1. Any residue at all in the range 85-96 that is of a type in the set (Phe, Trp, Tyr), on the phi < 0 side of the Ramachandran plot, open to solvent by less than 60 Å² (accessible area, probe 1.4 Å) and part of a helix (DSSP H, G or I)?
2. Filtering the range 120-146 down to residues that are in contact with a Leu (Cβ under 8 Å, 6 or more places away or on another chain) and closer than 16 Å to Glu82 by Cβ, which residue is least open to solvent (accessible area, probe 1.4 Å)?
3. Inside the range 1-43, can you point out the residues that are under 19 Å from Gln68 (Cβ atoms), surrounded by 14 or more Cβ atoms within 10 Å (Cβ to Cβ) and modelled with pLDDT of 85 or more?
4. How about the range 147-175: which of its residues are of a type outside the set (Phe, Trp, Tyr), without any contact (Cβ under 8 Å) to a residue 60 or more places away in the chain and surrounded by 14 or more Cβ atoms within 10 Å (Cβ to Cβ)?
5. Within the bounds of the range 109-130, is there any residue that is closer than 22 Å to Lys180 by Cβ and either without any contact (Cβ under 8 Å) to a residue 60 or more places away in the chain or over 15 Å from the mean Cα position of the chain (by Cα) (or both)?
6. Among the residues of the range 22-47, which ones are of a type in the set (Gly, Ala, Ser) and farther than 18 Å from Glu60 by Cβ?
7. Checking the structure you have, find out if any residue of the range 70-83 is surrounded by 17 or more Cβ atoms within 10 Å (Cβ to Cβ) and either in a loop (DSSP other than H, G, I, E, B) or in contact with a Phe, Trp or Tyr (Cβ under 8 Å, 6 or more places away or on another chain) (or both).
8. Which of the residues spanning the range 97-118 are open to solvent by 30 Å² or more (accessible area, probe 1.4 Å) and within 23 Å of Glu135 (Cβ to Cβ)?
Amino acid sequence: MTLKRGVAGFEDVDLAPVLFLDEDMAKIINLCDEMLNHYTDVGFGRTTILQSYLRIFLIEAQRLFNQQRHDKQTNARSSLVENFIRLIDKHYLQKQRVSDYATLLGVTHGHLADTTRDKLGMPASRLIQRRILLEAKRLLTYSNKNVGEIAFALGFADPSYFARYFRRETGQTPTAFRTKIRKKYPFPRSES
């Protein structure tokens, strides 16, 4: 997909590409349902159809994103959440408490928590946890580090606590996740 320069969108790495789905939710859900239907289909052209639906999905998401950016001026609360997400991406390994981010943003812990809950419907701490979990999955998928090394790299003092945390969040142990993902997507891993 070619994106026009100067238009805020998914290509803007400094801005979290967040879509707020309300009246457009049905359209996105229908596209996801169609992709799922064709994913389970084993008929001729399955991959081409899936690629086409994915392309349509990304184009629709880009349209919605651009529309939301142009229809509404970014207010202070949205800006705060965007800055919070940006800071999480930069500092999730060093800062894992909401109060750390509130200090960086120059607001109170309570204000950041309330704003995040209002704008995204989830606690501020959940955004930090989701970013850590994403990195855990990335490391389990792409690196050859053992679970203990990954736990320490993510700031967990105890690998068994990391394993319990991962299982609580994903429903499977880190080792089971790694085995399943590597069986599904076999490719060379780096040592990092």
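The values are calculated or read from the model by the stated rules, or taken from the named source; none is laboratory data. None of the values given here were measured: they were computed from a predicted structure. Because the Cβ atoms are built from the backbone with ideal geometry, glycine has one as well, and the counts that use them run over all protein chains shown. These accessible areas exclude ligands, DNA and RNA; they are computed on the full protein's heavy atoms, side chains included. Shrake-Rupley method; radii C 1.70, N 1.55, O 1.52, S 1.80 Å.
1. Checked the range 85-96: no residue is of a type in the set (Phe, Trp, Tyr), on the phi < 0 side of the Ramachandran plot, open to solvent by less than 60 Å² (accessible area, probe 1.4 Å) and part of a helix (DSSP H, G or I).
2. So the residue we want is Ala124.
3. Selection gives Leu31 alone.
4. The answer is Val147, Gly148, Ile150, Ala151, Pro159, Ala163, Arg167, Glu169, Thr170, Thr173, Pro174.
5. Yes, the range 109-130 has at least one match.
6. Within the range 22-47, Gly43, Gly45 qualify.
7. No.
8. Within the range 97-118, Arg97, Ser99, Asp100, Thr103, Leu104, Leu105 qualify.
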